[in-house]
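Beneath this line is the structure, given in structure tokens, with notes to follow.
The values are calculated or read from the model by the stated rules, or taken from the named source; none is laboratory data. Not measured: the values here are computed from a predicted model. Because the Cβ atoms are built from the backbone with ideal geometry, glycine has one as well, and the counts that use them run over all protein chains shown. Just so you know, the surface numbers come from the protein's heavy atoms only, side chains and all, with ligands and any DNA or RNA stripped out. Shrake-Rupley method; radii C 1.70, N 1.55, O 1.52, S 1.80 Å.
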Amino acid sequence: TRALDSTAVFTVFPGGVFRVAMGSPSCAAVEGRVLCWRATADSATRRVTIDTIPGLEGSIRSLSSSDKGTIRYGCAVDSVGLKCWGDDIGGRLGRPAAGDFRDLPAAPVTGLEQGVTEVSVAGSHACALREGRVHCWGENWHGELGNDATSPTAGVPAVDLPERAAHVAVGEGYS
């Protein structure tokens, strides 16, 4: 960490950054671990908090993070499979008995424990790619889960697409 002037501070990660996900938190796969950072401020202090995300194993193949107001979460595909962490508001982490839980550790997404190659998250939902099929979960107020509905869906169902998918990307209110 180094101060540029009285208001700016930055941290340099040494080499070995393999993936970066921008959001709040922003995250990076650095030398076999995932580090996430976010800025916090009050009337007197601005600071950047950097946390190591426990529970991820081996190489990180895909990484995505997002926030929606005060709800922050992320997902990664590690050597074992897909795992998500953070705030599980509206089923964003894809866990059974979803509820309003904060700061949950990285854990597998039920139904997508293995075979996922890519993940993308946005403010209110997430999608993952497994064997050419896209699976989406979380809130669904704009039909972003691709299931012809506008309400949350239990589990992580596959989206009915006309062809196999090569990649997946999501944004706020769309996939």
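Assorted remarks:
- Put the Cα centre of segment 122-145 next to the Cα centre of segment 59-110 and the gap is 13 Å.
- Heavy-atom accessible area order for H135, H142, largest first, 1.4 Å probe: H142, H135
- Where W141, W85, W37 fall by accessible area, highest first, once all protein chains stay in place (1.4 Å): W141, W37, W85
- Taking a ≥ b ≥ c as the square roots of the eigenvalues of the Cα gyration tensor, segment 16-175 is classed as oblate, since a/c reaches at least 1.5 and a/b does not exceed b/c.
- Subtracting the Cα-Cα distance of H142 and T40 from 0.36 nm times their residue separation leaves 33.7 nm of extension gain.
- Segment 45-97: C-alpha gyration tensor shape, a/c 1.5 cut-off, then a/b vs b/c: oblate
- At R0 = 35 Å, FRET efficiency that the Cβ-Cβ distance of H167 and I50 yields, to 0.05: 0.75
- Spin-label pair A158-E113: with each label point 7 Å from Cα along the Cα-Cβ axis, the two points sit 1.9 nm from one another.
- Between A149 and D103, the C-beta separation translates, for a Förster distance of 25 Å, into a calculated FRET efficiency of about 0.25.
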